[in-house]
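Here's the structure we're looking at; comments come further down.
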Ligand SMILES: Cc1cc2nc3c(=O)[nH]c(=O)nc-3n(C[C@H](O)[C@H](O)[C@H](O)COP(=O)(O)OP(=O)(O)OC[C@H]3O[C@@H](n4cnc5c(N)ncnc54)[C@H](O)[C@@H]3O)c2cc1C
């Protein structure tokens, strides 16, 4: 490939939610960005409800809220969230707040007082979104910020040198200072650059399908464990099937009506007939993670960096978290304002979080196996999840409210997502974060605070405020991604 003149600060491969979110973060910081997307048409039935349903949890919700994007999503307002993280009303039936391996945990059991920093009135810790809408909202914001998005261009060649990266996408050749692969589970960027992708092989094939059945009473509503796996009919004709076949069914061949009927008969044990197949896709519980997230001027984020079963809805949240973490660091590196080694903290902080999510999905696979020992273990976990400790632990993990970077232990808030403080003028912290800048949140006006904060090498804006609840803090230094770099008590 022939090196050309530098055209962009960054090229992002993939206009999925992670690539689009990252492009907004970079453009917000004043970087020039080109997004190259393989598919000419972004629309797909699998991005629309019900297939395109995505459970968002605290890290992604907070990221969208802090950039003023949450309010632009209409689906979360319209759709009743079956796993709502809000308060419950006395006298109501137990409400499922989420699940682990298909085992629900109840909202009434959760002791939210264990997360005192999630202040009343903060955005919900969990809500339902739709892939199609999320991508539309993010693409609109990206374009408003000046990001160029070119669809129908699959990245197919990469050559990097000390100053930049040449990227080939069909007939298009561009040069940028950095390339970020946000091109999904089968990432070409990851493969072309030879990133090691380590992990575990699948135990099952998952099928998502929309069908019509000759006898609508079969296989029955809800989730059924069977000797070969699991069948879940969320609403009439919408099926999720898991067959413990070592992932053999996920072979890239189209799922025909005949094949789906066979799988459904095998797994459900019912002699049912699929009269029409409207749409179907397959997936597995293969769990792999790039051992490094950066090679020179090429970085990975989202599914390109890690894949796992979509059990319990974690992948998108993990990817948006990557983008929120990487955006400001890469922008500061491009602008020459980053502290030494800042960009390397992307991998140092995000790799362990990704590893935990992979293990979370592996643990669920164990509880879904159809063998007697796993079913026995499942019954015990079910009992534990029905306790306050169990439900609170599950909610803390599933909703991501326990997400925490190891940034030192001088103060319990360091490394955590900042509380959404409510200020005397009625505004909340998140509303002050739309510009993507770090904040020195100063509750006391103490003259020494600015000097102390300057030692952290972050370009911040100084916000003096009184908060309704300030936890006895004198000041907080909040990174552009909303995580707390430093905290001082009164
Ligand atoms: C059935 C199912 C249910 C799920 N439910 C949830 C859930 O409830 N909650 C949750 O958090 N996650 C969920 N996930 C996971 C979530 O959808 C993914 O983690 C998320 O879409 C990853 O976003 P991404 O932008 O990294 O990748 P993608 O969404 O895969 O986007 C990658 C983009 O890159 C493009 N691309 C590919 N190759 C190239 C190339 N060579 N050049 C340029 N572009 C390229 C693709 O066309 C695509 O647009 C679910 C996944 C599945 C399959």
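The values are calculated or read from the model by the stated rules, or taken from the named source; none is laboratory data. Please read all numbers here as calculations on a predicted model, not as lab measurements. Positions of Cβ are backbone-derived with ideal geometry, glycine not excepted, and every protein chain shown enters the neighbour counts.
Residue by residue, here is whether (1) at pLDDT 95 or above; (2) closer than 29 Å to residue 321 by Cα; (3) touching a strand residue (DSSP E or B) at 6+ places or on another chain (Cβ under 8 Å) holds:
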position: 355; (1), (2), (3): yes, yes, yes
position: 364; (1), (2), (3): yes, yes, yes
position: 367; (1), (2), (3): yes, yes, yes
position: 372; (1), (2), (3): yes, no, no
position: 383; (1), (2), (3): yes, no, no
position: 388; (1), (2), (3): yes, yes, no
position: 392; (1), (2), (3): yes, yes, no
Review point. Listed residues 220, 199, 146, 157; which is modelled with pLDDT of 95 or more and away from the ligand (no atom under 16 Å from the Cβ)?
Key: 146
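Pick out the one residue from 199, 181, 170 that is more than 30 Å from residue 363 (Cβ to Cβ) and either in contact with a strand residue (DSSP E or B) (Cβ under 7 Å, 6 or more places away or on another chain) or loosely packed, with under 15 Cβ neighbours inside 10 Å (or both).
Among 199, 181, 170, only 170 is more than 30 Å from residue 363 (Cβ to Cβ) and either in contact with a strand residue (DSSP E or B) (Cβ under 7 Å, 6 or more places away or on another chain) or loosely packed, with under 15 Cβ neighbours inside 10 Å (or both).
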Practice item. Quickly run through segment 272-289 and pick out the residues that are closer than 9 Å to residue 211 by Cα and buried (at least 20 other Cβ atoms within 10 Å of the Cβ). Key: 274, 280
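Kindly establish whether residue 207 is buried (at least 21 other Cβ atoms within 10 Å of the Cβ), under 30 Å from residue 276 (Cβ atoms) and within 12 Å of the ligand (Cβ to nearest atom).
So residue 207 passes the test.
Condition first: at pLDDT below 95 and at negative phi. Can you find one or more residues in segment 294-309 that meet it? Give the derivation first.
Pass one, segment 294-309, residues at pLDDT below 95: 309.
With the extra rule that they be at negative phi, the set shrinks to 309.
Yes, that holds for at least one residue.
Out of all the residues in segment 180-196, which are on the phi > 0 side of the Ramachandran plot and away from the ligand (no atom under 12 Å from the Cβ)?
Within segment 180-196, 194 is the sole residue that qualifies.
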**Study point:** Selected residue (only one of 240, 248, 169 is within 12 Å of the ligand (Cβ to nearest atom), out of contact with any helix residue (DSSP H, G or I) (no Cβ under 8 Å at 6 or more places or on another chain) and not assigned by TED's automatic domain parsing to the domain that holds residue 37)
**Key:** 240
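Condition test on residue 85, is it within 15 Å of the ligand (Cβ to nearest atom), in contact with a strand residue (DSSP E or B) (Cβ under 6 Å, 6 or more places away or on another chain), modelled with pLDDT under 95 and closer than 20 Å to residue 123 by Cβ?
It is true that residue 85 is within 15 Å of the ligand (Cβ to nearest atom), in contact with a strand residue (DSSP E or B) (Cβ under 6 Å, 6 or more places away or on another chain), modelled with pLDDT under 95 and closer than 20 Å to residue 123 by Cβ.
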Study note, to complete from the structure: Only one of (1) modelled with pLDDT of 95 or more; (2) surrounded by 15 or more Cβ atoms within 10 Å (Cβ to Cβ); (3) within 16 Å of the ligand (Cβ to nearest atom); (4) under 30 Å from residue 71 (Cβ atoms) does not apply to residue 151, and that is (2)
Check your understanding: Pairs, please: C-beta under 6 Å, at least 6 apart or cross-chain, first residue under 12 Å from residue 182 (Cα atoms) and in the same structural domain as residue 179 (by TED's automatic domain parsing) and in segment 33-45, second within 7 Å of the ligand (Cβ to nearest atom) and not in a loop (DSSP other than H, G, I, E, B)?
Key -> 35/19; 36/13; 36/155; 36/169
Review point. Considering only segment 296-310, how many residues are crowded, with 18+ Cβ neighbours inside 10 Å and more than 12 Å from the ligand (Cβ to nearest atom)?
Key: 3
Exercise for review: Could you tell me which residue of segment 23-55 is nearest to residue 67 (Cα to Cα), considering only residues that are near the ligand (Cβ under 9 Å from one of its atoms) and modelled with pLDDT of 95 or more?
Suggested key: 35
Check your understanding: Out of 313, 341, which single residue is more than 15 Å from the ligand (Cβ to nearest atom) and at positive phi?
Key -> 341
Review point. So which residues in segment 154-164 are surrounded by fewer than 14 Cβ atoms within 10 Å (Cβ to Cβ) and part of a loop (DSSP other than H, G, I, E, B)?
Key: 161, 162, 163
Study note, to complete from the structure: Those residues of segment 345-372 which are exposed (fewer than 14 other Cβ atoms within 10 Å of the Cβ) and over 20 Å from residue 396 (Cβ atoms) amount to 348, 371, 372
Exercise for review: Could you please let me know if residue 128 is within 14 Å of the ligand (Cβ to nearest atom) and at pLDDT below 95?
Suggested key: yes
Review point. Picking from 435, 481, which residue would you name as being over 23 Å from residue 406 (Cα atoms) and under 25 Å from the mean Cα position of the chain (by Cα)?
Key: 435
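Out of 13, 60, I need the residue that is near the ligand (Cβ under 8 Å from one of its atoms), touching a strand residue (DSSP E or B) at 6+ places or on another chain (Cβ under 9 Å) and farther than 24 Å from residue 188 by Cα. Which one?
Only one candidate qualifies: 60.
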Exercise for review: Considering only segment 231-286, state which residues are over 24 Å from residue 53 (Cα atoms) and in a strand (DSSP E or B).
Suggested key: 275
